[in-house]
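Take a look at the structure set out below.
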There are 2 protein chains.
Amino acid sequence: MRSFSLRLQALRAVLAGFGLDGFLVSRRSSVRYLTGFSGTNGICFISESDAVFVTDFRYKQQSEQQIRGFRTEIATKTLLEGLRDTGLVKPGQTVGFESENITVSVFQKMRALFPGVKWEPLEKVVEDLSIVKAEEEIERLREAARMAERIFEDILPMLRPGTEEREIAAEILARTKRYGAERASFEPIVAGGERSALPHGSATDRRLRPGDLLVLDFGCVVDGYASDITRTVGIGKLDGRKREMYRIVRTAQQKAAAAVRPEIPCQELDAVARDFIRQAGYGEFFGHSLGHGLGLSVHMDPRIGPGVPKRIPPHAAITLEPGIYLPGIGGVRIEDDFVVRENGAEALTHSSAEPLELS
Amino acid sequence: MRSFSLRLQALRAVLAGFGLDGFLVSRRSSVRYLTGFSGTNGICFISESDAVFVTDFRYKQQSEQQIRGFRTEIATKTLLEGLRDTGLVKPGQTVGFESENITVSVFQKMRALFPGVKWEPLEKVVEDLSIVKAEEEIERLREAARMAERIFEDILPMLRPGTEEREIAAEILARTKRYGAERASFEPIVAGGERSALPHGSATDRRLRPGDLLVLDFGCVVDGYASDITRTVGIGKLDGRKREMYRIVRTAQQKAAAAVRPEIPCQELDAVARDFIRQAGYGEFFGHSLGHGLGLSVHMDPRIGPGVPKRIPPHAAITLEPGIYLPGIGGVRIEDDFVVRENGAEALTHSSAEPLELS
């Protein structure tokens, strides 16, 4: 597993840069990124010369199978006590930690358990390292993306008048599991008719009706890597305004995809879609960011929104998901997954250029 | 909604007890407990005379429908900036917050956004208030429990040699959604054969075989309230040791249920089951706590484990889930949900006294 040793090396370079004696990794996606561990309870401590992984008895077998490059310790009480018992973290040391993950309660426990240690809060250190993807990671993202598209194809016959939203969500979840995903990236959003104007409408017992816009937003986690797609379809024929909304959103997304280049500032990419929607007269009805990073977390940096100067590096995986939401009428959102390549955006998923009108 | 005003009143009594000018509520389950809001992005601030709820534009409609007893503000940037803009949190005030939820990163932002405010970290204040359930909450827990049992009955015909674990997980998730749950309480655990010895075995493509123990652990969230049940069945006839393991675990659970009384210390209840399993010779193979509280979080206080002196109040909802896990052989865990009543445990779910052997 060469990639894991490269990741460890990259983190050690960061430690050296900050002048730290060690780094405590506690976020689940960070632990997985560094060790490959897919369980729910584990932390790591990394110093220049050591790398230890601490978990509990439930994951003894699993960690023996999964963990490479780390010494594993099984904690008998809490993970932090297990780490203390290794004796690796010593008074007088300066140790970094993931401040976006450690709660104030846990931080109070860290201070009590490790007297004399100077704790250095650092935000998103491991997440930052993980924005740029290796080809093996992109392959998993591609698999996760393909699975989501396959599920969308599968459920098309259900999308007609009379079907309950929650029946569609049930089918998405069942297929996610059946096709071998670890889990759904998040609880599927299935919102029809006027409910499609709720950007985060969970599935209800509402039945689809002719003329409805239907927004489906879901994704699959394959080997830890998440996909995230949104499709909007018409239940039967859509009226002129709804078709127009679809075309504007889809064109906004295409324009943004065409503007993707390595090191583009997030706000500049966001503005490509946002300005187009504004010029089409729907600016006030697009209230969220254009997209976000994708990887071992379904929502990760970079956030592609207004006022974000951060640049998007090559080999980042991102979503582009413009939307228009008209209260009382309905909403359109279209979301595809992309990898930033030297020559532009490589699409992992492919929404349709015209609204699908299903009857 | 009388219960919501009672909850607010209880929190205000806590504030007065700690001498606080206000309290910031940020945990999703706490926000829901106090306001009824079921979305993913909202915070509250409560003072003696004010109660404000802050969310973002996506939840404008939803909050108008759901929130009672709080003034709602729509934040245009972050929720904390939205709270600052209300002007309710003033320099010189002492304000409590949920230290089990606020990360060090967020805490740094709070300090920067609210200069002159003295922040008081308090652990699980709202969770503590929510341990004791009102009858309307118990009714929802009962519904969530019934739904899980119904799903278990539904899937029994699938539990036979040749079925893939993940096919069972798919069916559990689909029915959870179809029956109207908000979501599954957690990703279902489906672990057959030697994998049943992994207390947290996620579903794989392994097919069931004759003689397997199969552990199913899943739950449903109804109106925010979670159930959590575990069933262990035999795929065809079980050998003598596996039957013995089942009977020991089931008897340990029955003994614990019979020992439930208001104000019993967690460690005393845990010891009832643990001592019995130890005397039966399997003590080293039961490595986790006996159970946990249940409510708007699927795992909440009280944790019913060794070394926990905390007492379990009347009208708490709890799980009792002893287990025995023999590496390489298989595992048995049985988990039911209970409410602590004046005269003992009221069972919300009902596992079978003898192992179900399905062929």
Residue in region B:56-75 that is in contact (Cβ under 8 Å) with a residue 24 or more places away in the chain, closer than 27 Å to A:Lys124 by Cβ and of a type outside the set (Asp, Glu) present: no
Hey, A:Phe45 of a type outside the set (A, V, I, L, M), farther than 22 Å from A:Ser3 by Cα, in contact with a Leu (Cβ under 7 Å, 6 or more places away or on another chain) and modelled with pLDDT of 95 or more or not: no
Answer residue from region A:201-225, given it is away from chain B (no Cβ under 14 Å) and buried (at least 19 other Cβ atoms within 10 Å of the Cβ) and is nearest to A:Ala317 (Cα to Cα) among those: A:Tyr225
Region A:245-298, residues that are of a type in the set (Ser, Thr, Tyr) and over 19 Å from the mean Cα position of the chain (by Cα): A:Tyr246, A:Thr251, A:Tyr282
A:Lys77 being within 25 Å of B:Ser289 (Cβ to Cβ) and either under 30 Å from the mean Cα position of the chain (by Cα) or among the acidic types (Asp, Glu) (or both): no
Selection from region B:37-57 of residues that are touching a Ser or Thr at 6+ places or on another chain (Cβ under 9 Å) and not in a loop (DSSP other than H, G, I, E, B): B:Gly42, B:Ile43, B:Cys44, B:Phe45, B:Ala51, B:Val52, B:Phe53, B:Val54, B:Thr55, B:Asp56, B:Phe57
Enumeration of residues in region B:61-108 that are within 14 Å of chain A (Cβ to nearest Cβ), part of a loop (DSSP other than H, G, I, E, B) and not polar (S, T, N, Q): B:Lys77, B:Glu100, B:Ile102
Test result for A:Ile304, out of contact with any Lys or Arg (no Cβ under 8 Å at 6 or more places or on another chain), under 23 Å from A:Gly201 (Cβ atoms), surrounded by 23 or more Cβ atoms within 10 Å (Cβ to Cβ) and free of Cβ contacts under 8 Å to residues at least 60 places away in the same chain: yes
Residue check for B:Arg111: assigned to a helix (DSSP H, G or I) and over 30 Å from A:Phe285 (Cβ atoms): yes
Residues of region A:263-279 satisfying the condition of being among the charged types (D, E, K, R) and touching a strand residue (DSSP E or B) at 6+ places or on another chain (Cβ under 8 Å): A:Glu263, A:Asp270
Conditions (1) free of Cβ contacts under 8 Å to residues at least 12 places away in the same chain; (2) surrounded by 15 or more Cβ atoms within 10 Å (Cβ to Cβ); number of the one not met by A:Asn343: (2)
Hey, A:Arg195 of a type outside the set (A, V, I, L, M, F, W, C) and at pLDDT 95 or above or not: no
Identity of the residue in region B:109-145, more than 14 Å from chain A (Cβ to nearest Cβ) and free of Cβ contacts under 8 Å to residues at least 24 places away in the same chain, that ends up surrounded by the fewest Cβ atoms within 10 Å (Cβ to Cβ): B:Glu135
Criterion violated by B:Pro327 - all others in (1) surrounded by fewer than 17 Cβ atoms within 10 Å (Cβ to Cβ); (2) more than 30 Å from B:Leu238 (Cα to Cα) satisfied: (2)
Matching residues in region B:120-131 - criterion: being in contact with a strand residue (DSSP E or B) (Cβ under 6 Å, 6 or more places away or on another chain) and assigned to a strand (DSSP E or B): B:Glu120, B:Leu122
Candidates A:Ile189, A:Ile235, A:Ile155, filtered to the one that is touching a helix residue (DSSP H, G or I) at 6+ places or on another chain (Cβ under 6 Å), assigned by TED's automatic domain parsing to the domain that holds A:Asp336, at pLDDT 95 or above and not acidic (Asp, Glu): A:Ile155
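The values are calculated or read from the model by the stated rules, or taken from the named source; none is laboratory data. The shown structure was predicted, so the numbers you read here are calculated from the model rather than taken from an experiment. Note that we place each Cβ from the backbone using ideal geometry, even for glycine, and neighbour counts take in every protein chain shown.
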